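Read the figures in this text as sums done on the coordinates, not as results from a lab. Every value quoted in this text rests on a predicted model; they were computed, and no experiment measured them. All Cβ positions, glycine included, derive from the backbone under ideal geometry; neighbour counts span all protein chains shown.
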Amino acid sequence: MKKQLLDKLNELSLQPKFSLGQNFLISSRVVELIVSKVNTILNKSSLIEVGPGLGALTDYFKSYDDYTLIELDRDLVKYWTSKNLKIIQSDALKLNWNSLDIKDNSVLVSNLPYQIASRLFIDRSLGPLNIKYMILMFQKEVAQRITASIDSKTYGILSVIGQLSWDINKLCDVSPQEFYPSPKVAGRVLYFSKKSFVLEKDFFLFVKQAFSQRRKMLVKNLSSFLSADKIVSVIDSKTKRAENVTPKEFYDLYSLYKLGKQKV
């Protein structure tokens, strides 16, 4: 796959753009695993790919009827437009996703640039709700944070938002040598299946405040949101820190906070 990629870059007179975090996937092993997983869940719904690059995944899906690419690089947008694929030239972090015509039970797939992966993951966990499945590439360390267990040092905002929003499974690890150019860190592909929880942007801000000073007790970090008594009514302790609180307990705390706001 590396030779094919280099030939295509040469043909198009292109080079990887480090400013856009372009590390092109050149592993047939990883591509086959992702494509196989997508094919098991794709059922007359929309398929969306962020950052198609030069087509490691795209070439396998280009004949699918309801397939949309989202790409920031103008050169690559021009390339995929010439292939008659539906492509939106946009920064995936700034795009109004609710404006897209996305069917229920849709699938999002992406070999994400590591520099935007965390934020895009948070944004898509908050909506649109008709994205039912995601298969996403992360820096391995970020993937570990998403799946981290309570009481661990890596448990944090990504863990809470991710585990409330999705059932999460590891698809595979990816070494730096399976990209061109090779990044300095390893990657991991995670598979997400949507849960029934509906989260709001304010919930993200609530959890962010809870983890703002990890060494402080939760009753201190959330004092501007809830009284200590209300917090203790959910977590049964005044001495717990954010890392000791389950995703469901965070959801219950936020529900109490929202209820209090509605009564004002």
Placing each pseudo-label 7 Å from Cα in the direction of the beta carbon, Asp123 and Lys195 end up separated by a distance in nanometres of 2.4 nm
Using the per-residue mean of other Cβ atoms lying within 10 Å as a proxy for protection, in what order, highest first, do the peptides 179-187, 142-150 fall?
-> 142-150, 179-187
Rg to Rh, two decimals, where the range 111-264 supplies the alpha carbon set and Rh follows Kirkwood = 1.02
Would you mind telling me which residue in Gly127, Gly162, Gly21 has the biggest mean-square fluctuation in a Gaussian network model of the chain, where springs connect alpha carbons within a distance under 10 angstrom?
-> Gly21
Quick one: what are the phi-derived ³J(HN,Hα) couplings along the range 6-13, Karplus 6.51/-1.76/1.60 with θ = phi - 60°, whole Hz, x for glycine and proline?
-> 4, 5, 5, 4, 5, 4, 8, 6
Dividing the mean separation of Cα pairs under 8 Å (6+ apart) by the residue count of the chain yields a relative contact order in percent of 16 percent
Treat every Asp and Glu Cβ in the chain as -1 and every Lys and Arg Cβ as +1, leave all other atoms uncharged, and give the resulting dipole magnitude about the Cα centre to the nearest 20 debye.
-> 820 debye
Where labels lie 7 Å past Cα in the beta-carbon direction, separation of Ser175 and Ser19 in nm = 3.3 nm
What ³J(HN,Hα) values, in whole Hz, does the Karplus curve 6.51 cos²θ - 1.76 cosθ + 1.60 give for the range 198-209 when θ = phi - 60°, with x put for Gly and Pro?
-> 10, 9, 10, 4, 5, 5, 4, 5, 5, 5, 4, 5
Report ³J(HN,Hα) in whole Hz for each residue of the range 39-54, in order, from the Karplus equation J = 6.51 cos²θ - 1.76 cosθ + 1.60 where θ = phi - 60°; Gly and Pro get x.
-> 5, 7, 10, 7, 9, 6, 10, 7, 10, 10, 10, 9, x, x, x, 9
Can you tell me the 0 to 90 degree angle between the C-alpha axis of helix 114-125 and the longest principal axis of the chain, rounded to 10?
-> 60 degrees
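Quick one, what does Rg over Rh come out to for the range 195-245 if you take C-alpha atoms and the Kirkwood Rh?
0.98
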Show which lysines lie in cross-link reach of Lys240 when reach means a straight Cα distance below 27 angstrom and same-chain residues fewer than eight apart are skipped.
-> Lys153, Lys195, Lys201, Lys208, Lys216, Lys220, Lys230, Lys248, Lys258, Lys261
Express the relative contact order of the range 132-264 as a whole percentage, based on alpha carbon pairs under 8 Å and six or more residues apart in sequence.
-> 25 percent
Rounded to the nearest 0.05, FRET efficiency between Leu12 and Val232 (Cβ-Cβ, R0 51 Å) equals 0.25
Sticking with the crude label model, points 7 Å out along Cα→Cβ, report the distance from Arg214 to Val185 in nm, one decimal please.
-> 1.4 nm
Scan around Leu129 for amide H atoms under 5 Å from its own, H built in the peptide plane at 1.01 Å from N, and keep only partners 5 or more places away or cross-chain.
-> none
Here the chain gives, from Cα atoms, an Rg and Dmax in Å of 20.2, 66
If Lys220, Lys261 are placed from fewest to most neighbouring beta carbons inside 10 Å, the sequence is Lys261, Lys220
